[in-house]
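First comes the structure, then the notes that go with it.
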Amino acid sequence: MQNTFEFRNPLVEKYQNFSRSFTTINAVDIKAKVDEEYANGRYWPEPLIQINPHYKRSKSV
């Protein structure tokens, strides 16, 4: 399997194209704002990476 983040970016791009295919925005000002929000990643924020504070390392395999 490829790196998780390398997998995420094309997946988000495909889903963005899919989700935007349902509407056509004709108002120039609204379209510009929606395009800006998509470009800023509003709908798909960066992944949240956390480490479980209760994680305990044990024997290796």
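Every read-out reported here was derived from the displayed coordinates using simple, explicitly stated rules and does not represent laboratory data. Everything numeric here is computed off the predicted structure, so don't read it as measured data. Please note: Cβ atoms are built from the backbone with ideal geometry, for glycine as well, and neighbour counts cover all protein chains shown.
Laid out as a table, the results:
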| read-out | value |
| --- | --- |
| Rounded to whole Å, sorted largest first: equivalent-ellipsoid semi-axes of the chain, Cα gyration tensor | 38, 14, 8 |
| Spin-label pair S60/E46, simplified geometry with 7 Å Cα→Cβ offset, distance in nm | 3.0 nm |
| Acute angle (nearest 10 degrees) that the helix 4-20 long axis makes with the longest principal axis of the chain, alpha-carbon atoms | 30 degrees |
| Cα→Cβ-extended label distance, 7 Å offset, between T4 and A32, nm | 3.9 nm |
